[in-house]
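S.K.: Can you keep this structure in mind? I'll have questions shortly.
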Amino acid sequence: MMMANDIRPVPSAASERLLDVKGLTIEIETRNGPATIVDGIDLHVGKGETLGIVGESGCGKSLTMLSMMRLLPNKIRVTKGEANFAGRDLQKMSNSELRKVRGGDVGFIFQDPMTSLNPVMRIGQQLAEPLIYHRGMSKAEARKRAGELLKLVGIPGAEDRLDAYPHELSGGMRQRVMIAIGLACNPQLLIADEPTTALDVTIQAQIVDLVKDLRDKLGMSVVWITHDLALIAGLVDRINVLYAGTVVEDAPVDALFSNPSHPYTQGLLASIPKLSDERSARLSSIGGTPPEPGRRPKGCPFAPRCPLAEAVCHERVPSLEGIGQNGAHRVACFVAQRKLEAA
């Protein structure tokens, strides 16, 4: 169970920004020179807020989060932008400063626990490692805390599981261990990178409920990266839709589902199966394919696939503009912005 002094109260206002990313641009080295894969992304996460980041594979969701912690693979680098966490720019921190943030103030849950967990280390050792490094605990204290964390994430027989190896646990159990590692140091921000992709539907729902419950108990902020809009509908406060390395829509979750404004968002929502559909009805799909890095089209990157594209869409890149009364709903689309002005 959580210790009383480890529980962070939920902030009264989530509007105060914990993470503020501005103009983040990421390039990859290719045989033909550098190619832009994330193009000037702006996003933010408030204290106590849960942000969902959605989009097709390859749109830059994971790279954006990994770049903040300087965990990018070789030949991929940040060329512009800043990522302010709790008032400090992560891009300007020294390596020693950043190591204290990774796994401490910022926790991670990675997509595949079988490749993220060390196969030759026992579960208890892997849970104790960040506690010893970030919190200065002794081995005995860290092991005791590791058992409490396994209980917190709902693993039965937690004490016995400490001496198990990852291959001795089921997929759902391993993912719960990854969540426990991410929560070990009571982070201010938890980044969950498609943590339910390899799990069956029942376990997916359990993991989502678990993260939601822990967020409420600990008052932490969460970034949930996924390609599944339906999965996060009841979990997040706000959603950023990414396409070809840019944010095309940013809206509170209710507004996004009730009034999707970007044609790409509309296409994603239309592709979700509905119980009311006829059994013989074909699922809706978005024609074409996303642009390859280094081959972005002129103008709006979605224009070649967009059924509403106009001449201006092929010439200019739309900026992310507020379309709601308070500016909380933003969209990068000339057509959507003009419809609002006309209304």
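S.K.: Taking the condition out of contact with any strand residue (DSSP E or B) (no Cβ under 6 Å at 6 or more places or on another chain) and at pLDDT 90 or above, does ILE76 pass?
M.R.: Judged against the criteria, ILE76 is not a match.
S.K.: Same structure again: Look through VAL317, VAL312 and report the one residue that is touching a residue at least 12 places away in the same chain (Cβ under 8 Å), in a loop (DSSP other than H, G, I, E, B) and not acidic (Asp, Glu).
M.R.: Being touching a residue at least 12 places away in the same chain (Cβ under 8 Å), in a loop (DSSP other than H, G, I, E, B) and not acidic (Asp, Glu) holds for just one of VAL317, VAL312, which is VAL317.
S.K.: Could you grab the pairs with beta carbons closer than 6 Å, sequence gap of 6+ or different chains, first residue in the stretch 55-80 and within 16 Å of THR36 (Cβ to Cβ), second one part of a helix (DSSP H, G or I) and open to solvent by 30 Å² or more (accessible area, probe 1.4 Å)?
M.R.: Close Cβ pairs (under 6 Å, with a partner that is part of a helix (DSSP H, G or I) and open to solvent by 30 Å² or more (accessible area, probe 1.4 Å)) amount to LEU72/LEU66.
S.K.: Condition first: β-branched (Val, Ile, Thr), open to solvent by less than 10 Å² (accessible area, probe 1.4 Å) and touching a Pro at 6+ places or on another chain (Cβ under 9 Å). Now tell me which residues in the stretch 164-191 satisfy that.
M.R.: Answer for the stretch 164-191, where residues must be β-branched (Val, Ile, Thr), open to solvent by less than 10 Å² (accessible area, probe 1.4 Å) and touching a Pro at 6+ places or on another chain (Cβ under 9 Å): VAL177, ILE179.
S.K.: What are the residue pairs meeting all of these: first residue in the stretch 19-38, first residue closer than 20 Å to TRP224 by Cβ, second residue in a strand (DSSP E or B) and among the basic types (Lys, Arg), Cβ atoms under 8 Å, and 6 or more apart or on different chains?
M.R.: Between residues of the stretch 19-38 that are closer than 20 Å to TRP224 by Cβ and residues that are in a strand (DSSP E or B) and among the basic types (Lys, Arg), the close pairs are LEU24/LYS80.
S.K.: Do you know which residues across the stretch 237-260 are over 26 Å from ARG295 (Cα atoms) and open to solvent by 10 Å² or more (accessible area, probe 1.4 Å)? Spell out how you get there, then give the answer.
M.R.: Start the filter on the stretch 237-260 by keeping residues that are over 26 Å from ARG295 (Cα atoms), which leaves 237-239, 251-260.
Across the stretch 237-260, the qualifying residues are ASP237, ARG238, PRO252, VAL253, ASP254, ALA255, PHE257, SER258, ASN259, PRO260.
S.K.: If the requirement is being open to solvent by less than 60 Å² (accessible area, probe 1.4 Å) and either under 25 Å from the mean Cα position of the chain (by Cα) or within 19 Å of ALA270 (Cβ to Cβ) (or both), which of these qualifies: VAL335, VAL312?
M.R.: On the way: VAL312 fails: either under 25 Å from the mean Cα position of the chain (by Cα) or within 19 Å of ALA270 (Cβ to Cβ) (or both).
Within the list VAL335, VAL312, the selection yields VAL335.
The values are calculated or read from the model by the stated rules, or taken from the named source; none is laboratory data. Small disclaimer: the values here were computed from a predicted structure and weren't measured. Here Cβ is always computed from backbone atoms with ideal geometry, including for glycine, and neighbour counts include all displayed protein chains. The accessibility values were calculated without ligands, DNA or RNA, using every heavy atom of the protein model including side chains. Shrake-Rupley method; radii C 1.70, N 1.55, O 1.52, S 1.80 Å.
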